[in-house]
Amino acid sequence: MSEMVPQPQLVDLWRDALTQMSRALVQVAGTAALPKATRPFDLSAVRAAVAQFGINVGSQPKALFELQMQSMKQWSDFWMSSLLPRNDEREPVIAPDKGDRRFSDAQWNDSPYYRTLRDAYLLASQQMRTLAGLSDAPDSPNKKMVEFLLDQYLNAVAPTNFPMTNPQAVKQTIETGGANLVSGFANLLHDVSTGKGIVRRRAANVFKKGENIAATPGSVVFQNHLFQLIQYDPLTPDVHQRPLVYVPPLVNRYYMIDLQPKSSLVRWLVEQGRTVFVISWVNPDESLRDCGVTEYVRDGVIAAIGAARQATGEDSVDLFSFCMGGTLVALALGVLTARKQADQVGTATLIGALVDFSDMRGWAAFTEGAHLDALNKHLEKKGFIDTFELQQLFAAMRSNDLIWSSVVNHYLLDKQAPPSDLLFWFEDGSRIPEAFLKTYNHGLLKNNALRVPGAVEIDGVKIDLSRITTQLMIIALKDDHVSAWEAVYQGARLFGGPVEFILGGSGHNAGVINPPAANKHGYWRNAKLAETADAWRESAEKMPGSWWPVWDEWLTAHGPSGRVSPRIPGSGALPALEPAPGSYVLTTHA
């Protein structure tokens, strides 16, 4: 049984907690009222989806009755099982998913009270999700919205989120005499006072860009209004002939691939003898509101290809990209192919990137026309979508990991999170201009127009993915919540040239940062592109470790065989402008 801390320490805890509470109250009192703001979604469409759900369920009395009978039997079995002595060999009525970290504390298994509480919540959640399955056609926006709202509700009401039903919170409250809850409430007030609707992650501030994160040595060798191009210092006596250019998404900074040295993909590539260039997108303000997809392809990706060729004197580059950056690369390849300039790119690698948007999973809840119209009005007010608004949406898609775990740690336990380079990067987001989101959402995402040859036009060129014959490697991530791996696979079949498809382990971000030394996650390979993703997976071979070395071998196999002297940034046709990571990645907006 937990014991309270000694009295002198308890006094110190309460003094610190009340001081923190006093500061938080002063901050809240001094916070100006927020002006009435537009929403980046349509609330009436949300209400309509819920109303339609009620109508659809009410129109299926037979299915609803069968579901009620099934639920009654499940609850009967559940309570009978709960009253029986515990038997580890008996099959439980329900159990948490293997990856559900909310119930990792031993008390959720060892205590009959907490175990019953947990299992009752899990069973009720399962039944409510089954009920939601009666709502509409599987791919309808209304169904996706109902599922999204239900997930948010169920994640919010989990017993882990409340002080009296979380065993860790109960233990901490007894030990500190409740000081943890006072400090936690002060943390809540502080977050409310920021007015951004985000649970702040409280961790030691140990990362500084250019020193221990985004710190691989290099120089900016080119810049325009949209990006800076970083070239990294060589680390080998000679290098591969063809340079490698990285295209990141707009929503986050480039340095997910340059975290701490032990996990930096940039540093690893340089160590393999690659001349690496990286696009660092500008964090836009209102002055760039008219920059759309065409500008980011023409003045971004294609301009970076030209700059890297100029800096090295080479005729072609290898491209690699992540998420939305991969979509931009596909568009750039379409433009270059139509202009008979495809030989400027030797190979292209798309990681966790969509070109087929027919399977958006949970994101489909916000692709309904009314939501996009509301987003357009929201964008027109400022000229961009702000960083914290994007973080809110991404966090909602993984609310247990990115919202409720922080609620428990910071509001119930008053516990500081350990430093995480990946979460530091995630919270260092970037704005996206108005014109880009409008053209991307309506031209690509909503209409899924890239599937149709000629339906998308970039800089006066009609894009046809089937005409692209550049050597491609397409890498999907098995547990990706942003770009479902099956959707990435569907897109791989749209290109007209040779495609090597690899399925990596883990999720959207962690699956990319997979250094060989860590020996984690694994990956799947299958040389034949089957008709469906499931068919490909069935005959794929599971390989241990990281896909990085396989990718590096593929780049070598499809590149010039010669090696050249190492290229020092600034020694070629483009001078060094400033040291890496450059000024664009350091720019933030209040």
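One residue stands out among those in the range 443-458 that are open to solvent by 50 Å² or more (accessible area, probe 1.4 Å) and not polar (S, T, N, Q): the one that is nearest to the chain's Cα centre (by Cα), which is K446. Within the range 525-535, if we keep just the residues that are more than 12 Å from E500 (Cα to Cα) and within 26 Å of the chain's Cα centre (by Cα), the residue that is surrounded by the fewest Cβ atoms within 10 Å (Cβ to Cβ) turns out to be D534. When we screen D428, D386, D373, D359 for residues that are in contact (Cβ under 8 Å) with a residue 12 or more places away in the chain and touching a strand residue (DSSP E or B) at 6+ places or on another chain (Cβ under 8 Å), the only hit is D428.
Could you grab me the full set of residues in the range 409-439 that are over 13 Å from L288 (Cα atoms), assigned to a helix (DSSP H, G or I), modelled with pLDDT of 90 or more and open to solvent by less than 20 Å² (accessible area, probe 1.4 Å)? Within the range 409-439, L412, W425 meet the criteria. The selection criterion, being at pLDDT below 90 and surrounded by 20 or more Cβ atoms within 10 Å (Cβ to Cβ), does not hold for N205.
Has the range 129-136 got any residue that is within 24 Å of V407 (Cβ to Cβ) and of a type in the set (S, T, Y)? Looking through the range 129-136, none of the residues is within 24 Å of V407 (Cβ to Cβ) and of a type in the set (S, T, Y). Against the list (1) surrounded by fewer than 23 Cβ atoms within 10 Å (Cβ to Cβ); (2) under 19 Å from the mean Cα position of the chain (by Cα); (3) in a helix (DSSP H, G or I), the condition G326 fails is (1).
Residue-by-condition table, conditions (1) on the phi > 0 side of the Ramachandran plot; (2) surrounded by fewer than 19 Cβ atoms within 10 Å (Cβ to Cβ); (3) in contact with a strand residue (DSSP E or B) (Cβ under 9 Å, 6 or more places away or on another chain); (4) at pLDDT below 95:
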| residue | (1), (2), (3), (4) |
| --- | --- |
| I257 | no, no, yes, no |
| P261 | no, yes, no, yes |
| L265 | no, no, yes, no |
| D299 | no, yes, yes, no |
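Is it the case that the range 278-292 has a residue that's surrounded by fewer than 23 Cβ atoms within 10 Å (Cβ to Cβ), in a helix (DSSP H, G or I) and of a type in the set (A, V, I, L, M)? Within the range 278-292, one or more residues are surrounded by fewer than 23 Cβ atoms within 10 Å (Cβ to Cβ), in a helix (DSSP H, G or I) and of a type in the set (A, V, I, L, M). In the condition set (1) over 27 Å from S264 (Cβ atoms); (2) in contact with an Asp or Glu (Cβ under 9 Å, 6 or more places away or on another chain); (3) among the hydroxyl-bearing types (S, T, Y), S316 is compliant with all but (1). Within the range 111-131, residues that are in a helix (DSSP H, G or I) sit with their Cβ atoms under 6 Å from residues that are of a type in the set (G, A, S), at 6+ positions apart or across chains, in these pairs: T116/S82; Q127/S71. The one condition from (1) of a type in the set (S, T, Y); (2) within 16 Å of L586 (Cα to Cα); (3) open to solvent by 40 Å² or more (accessible area, probe 1.4 Å) that S219 does not meet is (3).
For the range 495-516, how many residues meet the condition of being surrounded by fewer than 20 Cβ atoms within 10 Å (Cβ to Cβ) and more than 24 Å from the chain's Cα centre (by Cα)? Of the residues in that region, 4 qualify. Scan the range 228-255 for residues that are β-branched (V, I, T), open to solvent by 10 Å² or more (accessible area, probe 1.4 Å) and closer than 25 Å to L586 by Cα and the total you get is 1.
Summed over the range 76-98, the residues that are free of Cβ contacts under 8 Å to residues at least 12 places away in the same chain and closer than 21 Å to A156 by Cα give a count of 2.
Among the residues making up the range 328-381, those that are at pLDDT 95 or above and basic (K, R) are R339, K340.
The values are calculated or read from the model by the stated rules, or taken from the named source; none is laboratory data. Everything numeric in this text was worked out from a predicted model, so none of it was measured. For neighbour counting, all protein chains shown are included, and Cβ atoms are generated from backbone atoms with ideal geometry for every residue, glycine included. Keep in mind that these areas ignore ligands, DNA and RNA; they rest on the heavy atoms of the full protein, side chains included. Shrake-Rupley method; radii C 1.70, N 1.55, O 1.52, S 1.80 Å.
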